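Report on the following structure.
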Amino acid sequence: MTAPAAPGGLLDVSGLSVHHGQLQALREVSLEVPAGHIHAMIGANGAGKSTLLRTIAGLHRPSAGSIRLDGADITGLRPERRVAAGIALVPEGRRLFPSLSVQENLQVGATSARPGRWNLEAIYDLFGWMRDRRQQRAAQLSGGEQQAVAIGRALAANPRVLLLDELSLGLAPVVVRQIYALLPQLAASGVTILLVEQDVSQALAVASHVHCLLEGRITLAGPPAELTGAQIEQAYFGVAAAANGDATRSAAAVAGTGSPEADQSPGVST
Ligand code: ATP
């Protein structure tokens, strides 16, 4: 592990509240991600997951709370200064430059980069297919390949903390599994990961710690092995949903015993 452990977490979010105009998207969210760990934030559509990652990356200004990286307060830093400090975001929907080549997209990520191991060659070694197709335009890639380039672009900044927003979105399950299989390798190389996912099964499989967000609040947190499907279900949908039966249908699916119908519930793809 390359990063010295900060007291608490390498990434330490404390009492974070964020408003989009009149709408409060995050309510006093706190979490700590220790160096080299993978933490997952799960939650339904609109729970505030992207807002959390984007706020950590500096794209939204919080109305209260703080964000610390290795003990240093980065709450007021501009986004590019956060990249230089070691925070990189893979945004929802990838957001590559479609007319630029694979290599040019990776080079965009290296702007404001920290020094470190993730140069172009290391990224091409990680994604075997990418070196031979580095001159291809991003628009010509499949969704999974674009996601890989988006991850490569973030790695090119040599992040200490990698923020991954809905990696599985729009991708076939087999592609999702391939991409998720890389994450433990990244964590072992010293990259600390906070990911958000609606695919609960995938998040539980890869994370050492999962947090559930409901209407901007953390409703549950803990190691996946210590959480039951019913607990996750209630935290994901809230008590009202559990009472009207919505949660019952997908509780079995979270626990991996769901029917095909339950498999269509939010967050569960396997
Ligand atoms: P999804 O999985 O659908 O992306 P999410 O959990 O990531 O959902 P956010 O995208 O963070 O949730 O949205 C939280 C709330 O904030 C939602 O009600 C959303 O409509 C609102 N919101 C998000 N971004 C903005 C914005 N830029 N302006 C106004 N409202 C926003």
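The values are calculated or read from the model by the stated rules, or taken from the named source; none is laboratory data. Everything numeric in this text was worked out from a predicted model, so none of it was measured. Every residue, glycine as well, gets a Cβ built from its backbone with ideal geometry; the counts of neighbours run over all protein chains shown.
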Complete set of residues in the stretch 213-249 that are modelled with pLDDT under 70 and within 27 Å of Ser63 (Cβ to Cβ): Val239, Ala240
Positions within the stretch 17-66 being among the aliphatic types (A, V, I, L, M), in a strand (DSSP E or B) and more than 12 Å from the ligand (Cβ to nearest atom), in sequence order: Leu31, Val33, Ile38, Ala40, Ala64
Test: residue in the stretch 146-153 that is under 12 Å from the mean Cα position of the chain (by Cα) and either surrounded by fewer than 17 Cβ atoms within 10 Å (Cβ to Cβ) or more than 21 Å from Asn119 (Cα to Cα) (or both): no
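Glu28: in contact (Cβ under 8 Å) with a residue 12 or more places away in the chain and either more than 18 Å from Leu195 (Cα to Cα) or polar (S, T, N, Q) (or both), yes or no? Show your work before the answer.
Values: in contact (Cβ under 8 Å) with a residue 12 or more places away in the chain: yes; either more than 18 Å from Leu195 (Cα to Cα) or polar (S, T, N, Q) (or both): yes.
Considered against the rule, which asks whether it is in contact (Cβ under 8 Å) with a residue 12 or more places away in the chain and either more than 18 Å from Leu195 (Cα to Cα) or polar (S, T, N, Q) (or both), Glu28 comes out as yes.
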Top-ranked residue in the stretch 202-242 [being within 16 Å of the ligand (Cβ to nearest atom) and assigned to a helix (DSSP H, G or I); ranked as farthest from Ala25 (Cα to Cα)]: Gln202
Glu80 at pLDDT below 95 and in contact with a strand residue (DSSP E or B) (Cβ under 7 Å, 6 or more places away or on another chain): no
Leading residue by the ranking (modelled with the highest pLDDT) among those in the stretch 160-200 that are surrounded by 20 or more Cβ atoms within 10 Å (Cβ to Cβ) and hydroxyl-bearing (Ser, Thr, Tyr): Thr192
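Yes or no: Glu166 under 13 Å from the mean Cα position of the chain (by Cα) and farther than 26 Å from Pro115 by Cβ? Reasoning before the result, please.
Details: under 13 Å from the mean Cα position of the chain (by Cα): yes; farther than 26 Å from Pro115 by Cβ: yes.
Here the answer is yes, as Glu166 does meet what is asked.
Of a type in the set (S, T, N, Q) and in a helix (DSSP H, G or I), is that true of Gln135? Spell out how you get there, then give the answer.
Values: of a type in the set (S, T, N, Q): yes; in a helix (DSSP H, G or I): no.
No; evaluated as a whole, the condition is false for this residue.
Is there a residue in the stretch 70-80 that is of a type in the set (D, E, K, R), on the phi > 0 side of the Ramachandran plot and surrounded by 14 or more Cβ atoms within 10 Å (Cβ to Cβ)? Before you say what the answer is, go through the steps one by one.
Step one: list which residues in the stretch 70-80 are of a type in the set (D, E, K, R), which gives 70, 73, 78, 80.
In the following step, the residues that additionally are on the phi > 0 side of the Ramachandran plot were identified as 70.
The next check asks that each one be surrounded by 14 or more Cβ atoms within 10 Å (Cβ to Cβ); those that pass are 70.
Taking every residue of the stretch 70-80 in turn, at least one turns out to be of a type in the set (D, E, K, R), on the phi > 0 side of the Ramachandran plot and surrounded by 14 or more Cβ atoms within 10 Å (Cβ to Cβ).
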Hits in the stretch 91-104 - residues which are surrounded by fewer than 24 Cβ atoms within 10 Å (Cβ to Cβ) and at pLDDT 90 or above: Pro91, Leu100, Ser101, Gln103, Glu104
Candidate set: the stretch 118-132, residues that are assigned to a loop (DSSP other than H, G, I, E, B) and surrounded by 15 or more Cβ atoms within 10 Å (Cβ to Cβ); chosen: the one farthest from the ligand (Cβ to nearest atom): Asn119
Residue pairs meeting the criteria (Cβ under 6 Å; at least 6 apart or on separate chains; first part of a helix (DSSP H, G or I), in the stretch 103-117; second loosely packed, with under 15 Cβ neighbours inside 10 Å and among the charged types (D, E, K, R)): none
